[in-house]
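Just below is one structure, and these are the notes that go with it.
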Amino acid sequence: MEDYENNGIESDLLLRIGEGDKVAFSYLFDMYHNKMFRFLLKVTHSESTSQDLVQDIFLKLWQNRERISEIDNINAYLFRMAQNHALNEMERFTKRTLSLSESHLEDYVTYSTPLETLISNEIKEKLTEAIKKLPPQQQRVFVLHKEEGYSYAEIADRLNLSVSTIHNHMHQALIKLRHYMANTYTNLLLISITILSCC
């Protein structure tokens, strides 16, 4: 097989891939697979998740191969894709973990992957912090319902408010908590990716 290691020949490699050359694509995959896997593993702490992300990245690259010759720096392009995929994975994780459905507070954190286990304590801490930032009435309704298990009707009776008002307080509280937590963990992942990119 030809040597594609220098930039000029790498450009030729991309041209061949753009023309549908599967051998050239396989060579590119072999060149970058391990580097990208190690990078993603530092972020996700999950071999299976990292492997899935690498496979997905190269699948998308092949599906859009007609434009691959337009890429000036394939190394930078692939690692930018890796960063974006890692961010998307964190967003999916945040939505799963912080769905804030009708379960109790201690049920919000699930442990599906090592990544989730790694940051679970941070999530609990940040969620508690977010609850404390709620307006007093929303915070009180949220705690009574989620932590103490009162129904909307019981809370309405206890606070001398209508059930619809209690429902509205909960709805607004959940929106604010979702927004706060999503922003918090997207920012944390961006910071971690920046640090890891320098390693």
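Each reported figure results from applying straightforward, stated rules to the coordinates on display, with no laboratory input. No experiment lies behind these values; they were computed from the predicted model shown. Virtual Cβ from ideal backbone geometry, glycine too; neighbours counted across all protein chains shown.
Worth a mention:
- Local net charge near Leu40, Cβ-Cβ under 11 Å (Lys/Arg +1, Asp/Glu -1): -1
- Site pair Ser162 and Glu129 shows an inter-label distance of 3.7 nm when each label is modelled 7 Å from Cα along Cα→Cβ.
- Reciprocal of mean inverse Cα separation for segment 7-96 (Kirkwood radius, Å): 13.6 Å
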